[in-house]
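Here is the structure we will look at.
The values are calculated or read from the model by the stated rules, or taken from the named source; none is laboratory data. Just so we're clear, the structure is a prediction, and the values are computed from it rather than from any experiment. We place every Cβ from the backbone using ideal geometry, glycine too, and count neighbours over all the protein chains shown. When the accessible area is computed, the model is the full protein with side chains, heavy atoms only, and any ligands, DNA or RNA have been set aside. Shrake-Rupley method; radii C 1.70, N 1.55, O 1.52, S 1.80 Å.
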2 protein chains.
Amino acid sequence: MSGGARDDSLRSMTAPTRSQLLAEAEYLIRRSGYSAFSYAHLTDKIGITKASIHYHFPTKQRLAEEVVEVAMARFAAALADIEAGPGDAPARLRQYAELFLDGFDEQLRPLCCALSAELAALPDSLHTRTRAYFELHLAWLGRIVGAGCAAGQLRWAGGADALAALILSTLEGGSLVARAMQSRALALDGFAQVLALALPPAGADA
Amino acid sequence: MSGGARDDSLRSMTAPTRSQLLAEAEYLIRRSGYSAFSYAHLTDKIGITKASIHYHFPTKQRLAEEVVEVAMARFAAALADIEAGPGDAPARLRQYAELFLDGFDEQLRPLCCALSAELAALPDSLHTRTRAYFELHLAWLGRIVGAGCAAGQLRWAGGADALAALILSTLEGGSLVARAMQSRALALDGFAQVLALALPPAGADA
DNA sequence: GCAAACCTACCAACTAGTAGATAATATTCC
DNA sequence: GGAATATTATCTACTAGTTGGTAGGTTTGC
């Protein structure tokens, strides 16, 4: 765990080849982007030849599509867990923010962030999926914030959807700024400020 | 000018080759990223051969370095103009936000955003410059916000630097989210909300 | 004459992707 | 049960095109 060895949480050593490929591709895309990663990089990590990767994923585009689909499903499940779990809306948003920053220490961008930044270099099928990924974020945030407002745990002048969009933008931007500035604190700082503003004054009810 | 022709504000037709190359390279990097752009793409647009581009810029890395330097200088000058011009701090921040979104309609990311998203794929010399670019943003914002607070035009619980970082994150993230969602309004929405919160209550003094 | 700016023609390395062979493992038919 | 047949997952060897970059010659304007 210590030392320079990187965390392999995304890349199980025992998973079948296909899953390993998806995990490693996601890692590379989130680190360097779609354009910068290649099948050759995958062979280095997985230990099978390029031709064998093409057996599992006929094209790079198809591989990337599946990376997004798998990541989205995993993310949706994590959001559902948060929503089903204990805690009020502010607590759920804090969990969301932590989830959002997952991989930051491995220099990983959120997948949607990495893809959106080079959208013009991506095939159309990935535009659609990138957008869908963002919509998943916004829909969930809108729901949580909306419930929080209704329950008096949050208050926001512009309405739930406006706060949802602000939270997403803040985290998305924070992860970019913080990466370049090499400061994890910076990544959550904006979110924390916004959340603090959205909390009702201490002891307002109860 | 009408129809699908794209705006050539960044890419003067009459400028000397070198400037044209820098402008077109910036355009390509901001649209698709460093990894996805190549000298071949430049030859298409500029009309000289790949070898001739190497005459002006010996390596792709060097070209990109200069792109960032030129863009940063241009940006710094624009910020200085805003600072020297009329208007209070909120007005200056609105001008900054507009400047930040410059090129959005051409599907251009802010340069620092494009670079930070694929930092792991960039040579070290561009890490430094990306960071410096962000620092320029933060320093200017910190100064403007600080002056605005001192003058009673802005108020922010966390202090000027915190608001500066929040504004930057919000715009940076907004430009990513808005691009994927194809909504210019979304790009400025978060910023507008934050600025509204930072304005002192109407008629507080005067 | 000279230097800046450009060219043709190349290079080695890398890109995504294909063809076809080969093991090992299932599945089916008798 | 055992032979015949698919299927799965991998390999070697290849293609055509692109990448960043170089060597060396030519044009152009002072």
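Values for this structure:
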read-out	value
Pick from segment B:158-188, criterion farther than 15 Å from B:L93 by Cβ, without any contact (Cβ under 8 Å) to a residue 24 or more places away in the chain and within 8 Å of chain A (Cβ to nearest Cβ), ranking: nearest to the chain's Cα centre (by Cα)	B:G173
Subset of segment A:63-77 that is small (G, A, S) and in contact with a Leu (Cβ under 9 Å, 6 or more places away or on another chain) - its residue that is nearest to DNA strand C (Cβ to nearest atom)	A:A64
Helices (runs of 4 or more DSSP H) fully within segment A:42-122 counting 3 or more residues that are within 11 Å of the chain's Cα centre (by Cα) and modelled with pLDDT of 95 or more	A:60-84, A:89-100, A:111-117
Checklist (1) over 13 Å from the mean Cα position of the chain (by Cα); (2) without any contact (Cβ under 8 Å) to a residue 60 or more places away in the chain; (3) part of a helix (DSSP H, G or I); (4) more than 10 Å from every other protein chain (Cβ to nearest Cβ) applied to B:R155, failing item	(3)
Residues within segment A:14-35 that are open to solvent by 30 Å² or more (accessible area, probe 1.4 Å) and either modelled with pLDDT under 95 or more than 10 Å from DNA strand D (Cβ to nearest atom) (or both), tallied	7
Filter result for A:P58 (within 14 Å of DNA strand D (Cβ to nearest atom) and open to solvent by 50 Å² or more (accessible area, probe 1.4 Å))	yes
Segment B:82-110 residues that are open to solvent by less than 20 Å² (accessible area, probe 1.4 Å), paired with ones that are in a loop (DSSP other than H, G, I, E, B) and not hydroxyl-bearing (S, T, Y) (beta carbon under 7 Å, 6 or more apart)	B:A89/B:A151; B:A89/B:Q153; B:A89/B:L154; B:P90/B:Q153; B:P90/B:L154; B:P90/B:L199; B:F100/B:P110
Residue in segment B:139-147 that is farther than 18 Å from B:E83 by Cβ, out of contact with any Gly (no Cβ under 8 Å at 6 or more places or on another chain) and either more than 8 Å from chain A (Cβ to nearest Cβ) or surrounded by 21 or more Cβ atoms within 10 Å (Cβ to Cβ) (or both) present	no
Failed item, numbered, when B:H41 is tested on (1) in contact (Cβ under 8 Å) with a residue 12 or more places away in the chain; (2) within 14 Å of chain A (Cβ to nearest Cβ); (3) within 11 Å of DNA strand D (Cβ to nearest atom); (4) open to solvent by less than 40 Å² (accessible area, probe 1.4 Å)	(4)
Pairs where the first residue, in segment B:44-62, is more than 24 Å from B:S125 (Cβ to Cβ) and more than 12 Å from DNA strand C (Cβ to nearest atom) and the second is of a type in the set (K, R) and open to solvent by less than 60 Å² (accessible area, probe 1.4 Å), C-beta under 9 Å, 6+ apart	B:K45/B:R11
Of all residues making up segment B:99-130, the number that are under 19 Å from B:I167 (Cβ atoms) and within 8 Å of chain A (Cβ to nearest Cβ)	5
